[in-house]
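Everything below concerns the one structure shown next.
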Amino acid sequence: MPRLVSHPDEVKIVTRRFGQGAANIDRYVELGGYESARKCLANGPDYIINEMKASGLRGRGGAGFPTGMKWSFVPKVSAKPKYVLVNGDESEPGTCKDHLIFLHDPHSVIEGTIIAGLAIGAKTGFIYLRGEYRYLIEIMEKAVADAYLKGFLGNAIFGSDQEFQVIVQSGAGAYEVGEESALMESLEGKRGVPRIKPPFPAVVGLYGGPTVINNAETIATVPHIFAMGGAAYAAVGSERNGGTRLFGISGHVERPGVYELPMGYNLKKMIYEVAGGVRGGRELKAVVPGGSSTPVLLPNEIDIGMDFDQVGKAGSMLGSGGVVVIDDQTCIVEFAMRTISFYQHESCGWCIPCREGTDWLKKSLTRFHAGFGTMKDIDNIQYLAENMMGRTFCPLGDAAAMPTLGFVKKFRKEFEAHLDGKPCPFAKHVDLAVV
Amino acid sequence: MSSQETMSIFSPQLAARFDALVLKYPLKRSALVPMLLYAQDEIGYISDAVIDEVAHRVGITPLDVRGVATYYSMLRFKPAGRYNIQVCTNISCMLRGGYDIFDHFQHKLGIGHKGVTADAVFSLEEVECIGACCWAPAIQVNYDFHDELTNEKVDQILDDYRTRAAKGAN
């Protein structure tokens, strides 16, 4: 069972019901659950969208797009049915926040889905979880069944004339399916390859109908926004970055865990105070601030607020909020190799720059780490990564190229230390099998 | 009863689950990905017979099913052990000793990546991020998570599953 952590600086909004048995529907209701859905049902779509816009909530999957605005793009009238899709494919290395949401507060996801459905005029919502999360899928399925029994889902939700159905869907192992259009393909029973955009999902999405797709954390936040009011939620965060974020701090820290902190919370403080500092009193070497696809930050770059804009200004991304802390005993070349090896494995093969690029990068970095690199390889790695950027249908190519560029640019000396058959200064795992 | 139904390799429970599943979606084919996984849970792997039966039930060709099935990393085309051990070595786990854990499993079981023990009790896989980064290093045994692992905990886990296997339990 994943351990829950706590720190006085936390502002518990989304995690408010964690550890309180809220997977039980009666307990959830006792803790104020489903009140927001009732309120939204009574007040209608315009109220919902205005309140969402006021909340300043931005997509928690990584892109940080304003949720209220996303919902407002869905056409009011549509010949085809509209859909709400919840992306619980959580697969970005360094990210495990949705895991806890499904485990501790499954009804918040259902309630958020209902509200999104009311906002856009959809009658069906899908909650898609990665296949590895089977025990969480079972928790979600139980929660959905209970919500049907209570009449919170079904043909007449909360005794109204409105219909809303929720279906929990299992994936079967694919990082790429976390990309919104690939997830729709998977949900239509196909290989999870991305679709070309435009058209965007808000116009042509699942089964060709207008679709809103949001990350599970985004959706789980929605009921809380209506419980506290959009403006009050926005006030918790920093400028243009409403509310809190579930930051998953992993790697070389004393107290790894998922902490709910206000948007804009200082990264240095997050590592040294909230997570207890670098493990064993060692020196900090680098921080990956928002999941494996976000460019690495150096120790002198972490005195920044953790919101979409400030991390962007520092040359990286807030991404999924997965903060990976790396100490001075770690080989960055090996870390880069492991990162790119993941993207190589997960590239769906649809776009050539990504399929071939990740493959070449993996081969180069593996050879490099084994001590068989040349000076030219360093430039080649950079050249390859630069040529993948922006040249693929979906962001997976960028997700592989961006961190690679960061590693090479910021740790060039360490790459050079691996030249001329010199053993890795940190050598532990040198995999020659794929050279 | 059609001949296909009498020849079904699905248990009545799995067949019923499938029948209920397809009714949920606007499009029958949406049941395909989860159904393949549920079929694998029961039969052990995606055999040719599974592909044929799923194709028939969804109303698409076996080639279509195979094309989709080969995309998803959890689906396998040969049997695994009764307990399939999936060791995450991705960055967060790597930083906290994921590779040492993987090495320890290899040593204890005498098999490597994608290997199956001679008694078919265990199989081993190195896998990508399983979403347990803050509780690293982590593994899954079938669908069960085990986290914050040490070599001692690994030994205990193997003993526990061996005991379960001896009792004939899942």
### Query
For segment A:32-62, what are the residues that are part of a loop (DSSP other than H, G, I, E, B) and buried (at least 16 other Cβ atoms within 10 Å of the Cβ)?
A:Gly33, A:Tyr34, A:Gly56, A:Leu57, A:Gly59, A:Arg60, A:Gly61, A:Gly62
### Query
Being in contact with a Pro (Cβ under 9 Å, 6 or more places away or on another chain), within 14 Å of another protein chain (Cβ to nearest Cβ) and at pLDDT 95 or above, is that true of even one residue in segment B:64-85?
no
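Residues are listed down the side, and each one gets a yes or a no for (1) among the aliphatic types (A, V, I, L, M); (2) at pLDDT below 95; (3) on the phi > 0 side of the Ramachandran plot:
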| position | (1), (2), (3) |
| --- | --- |
| A:Ala172 | yes, no, no |
| A:Leu183 | yes, no, no |
| A:Arg191 | no, no, no |
| A:Lys197 | no, yes, no |
| A:Pro210 | no, no, no |
| A:Ala231 | yes, no, no |
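Yes/no per residue for (1) touching a Ser or Thr at 6+ places or on another chain (Cβ under 9 Å); (2) buried (at least 18 other Cβ atoms within 10 Å of the Cβ):
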residue: A:Gly305; (1), (2): yes, yes
residue: A:Val325; (1), (2): yes, yes
residue: A:Asp328; (1), (2): no, no
residue: A:Met337; (1), (2): yes, yes
residue: A:Ile340; (1), (2): yes, yes
residue: A:His345; (1), (2): yes, no
residue: A:Cys348; (1), (2): no, yes
residue: A:Gly357; (1), (2): yes, yes
residue: A:Met375; (1), (2): no, no
### Task
Specify which of the listed residues (B:Ile130, B:Ile60) is among the β-branched types (Val, Ile, Thr), farther than 29 Å from A:Val253 by Cβ and within 12 Å of chain A (Cβ to nearest Cβ).
B:Ile60
#### Entry: Tally of residues being more than 18 Å from the chain's Cα centre (by Cα) and of a type in the set (S, T, N, Q) across segment A:323-349
4
## Note on the structure
Checked segment B:94-107 for anything within 21 Å of B:Ala132 (Cβ to Cβ) and more than 14 Å from chain A (Cβ to nearest Cβ); matches are B:Phe105
### Task
Report, ordered by the first and then the second residue, all pairs with beta carbons closer than 6 Å, sequence separation of six or more or different chains, a first member in segment A:174-188 that is closer than 17 Å to B:Val65 by Cα, and a second member that is β-branched (Val, Ile, Thr) and part of a helix (DSSP H, G or I).
A:Ser186/A:Val177; A:Ser186/B:Val33
### Query
If you scan segment A:144-153, which residues turn out to be away from every other protein chain (no Cβ under 14 Å) and surrounded by 14 or more Cβ atoms within 10 Å (Cβ to Cβ)?
A:Asp146, A:Ala147, A:Lys150, A:Phe152
### Task
Identify, by number, the condition in (1) surrounded by fewer than 18 Cβ atoms within 10 Å (Cβ to Cβ); (2) away from chain A (no Cβ under 11 Å) that B:Glu53 doesn't meet.
(1)
### Query
From the set of residues in segment B:67-121 that are in contact with a Gly (Cβ under 6 Å, 6 or more places away or on another chain), touching a residue at least 40 places away in the same chain (Cβ under 8 Å) and in a helix (DSSP H, G or I), which is nearest to B:Ala169 (Cα to Cα)?
B:Ser92
#### Entry: Per-region count, segment A:154-169, residues crowded, with 22+ Cβ neighbours inside 10 Å and either at the interface with another protein chain (Cβ under 10 Å from one of its Cβ atoms) or free of Cβ contacts under 8 Å to residues at least 60 places away in the same chain (or both)
4
### Query
If you check A:Ile139, A:Ile101, which single one turns out to be out of contact with any Gly (no Cβ under 9 Å at 6 or more places or on another chain) and in a helix (DSSP H, G or I)?
A:Ile139
### Summary
Across segment A:288-329, the tally of residues that are part of a strand (DSSP E or B) and within 12 Å of chain B (Cβ to nearest Cβ) stands at 7
### Query
Residues in segment A:114-127: is at least one of a type in the set (S, T, N, Q), facing another protein chain (nearest Cβ under 10 Å) and surrounded by fewer than 24 Cβ atoms within 10 Å (Cβ to Cβ)?
yes
### Task
May I ask you to say which residue of A:Val274, A:Val253, A:Val287 is among the β-branched types (Val, Ile, Thr) and under 24 Å from A:Leu57 (Cα atoms)?
A:Val274
### Task
Considering only segment A:26-64, state which residues are under 22 Å from A:Pro201 (Cα atoms) and either free of Cβ contacts under 8 Å to residues at least 24 places away in the same chain or of a type in the set (A, V, I, L, M, F, W, C) (or both).
A:Asp46, A:Ile48, A:Ile49, A:Met52, A:Leu57, A:Ala63
### Some residue of segment A:65-72 being within 14 Å of another protein chain (Cβ to nearest Cβ) and either free of Cβ contacts under 8 Å to residues at least 24 places away in the same chain or touching a helix residue (DSSP H, G or I) at 6+ places or on another chain (Cβ under 7 Å) (or both)
no
### Query
Which one is modelled with the lowest pLDDT, of the residues in segment A:331-358 that are more than 11 Å from A:Phe407 (Cβ to Cβ) and touching a Lys or Arg at 6+ places or on another chain (Cβ under 6 Å)?
A:Gly349
### Out of A:Val74, A:Val14, sole residue that is of a type in the set (Val, Ile, Thr), modelled with pLDDT of 95 or more, part of a loop (DSSP other than H, G, I, E, B) and farther than 23 Å from A:Val236 by Cβ
A:Val74
### Summary
The lone condition A:Gly88 fails out of (1) within 14 Å of chain B (Cβ to nearest Cβ); (2) farther than 15 Å from A:Thr113 by Cβ; (3) out of contact with any Ser or Thr (no Cβ under 9 Å at 6 or more places or on another chain) is (2)
#### Entry: Scope segment B:129-154; condition surrounded by fewer than 22 Cβ atoms within 10 Å (Cβ to Cβ) and of a type outside the set (A, V, I, L, M, F, W, C); matching residues
B:Asn142, B:Tyr143, B:Asp144, B:His146, B:Asp147, B:Glu148, B:Thr150, B:Asn151, B:Glu152, B:Lys153
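The values are calculated or read from the model by the stated rules, or taken from the named source; none is laboratory data. Computed from a predicted structure; not experimentally measured. With ideal geometry, Cβ positions are generated from the backbone for all residues, glycine too; neighbour counts draw on all protein chains shown.
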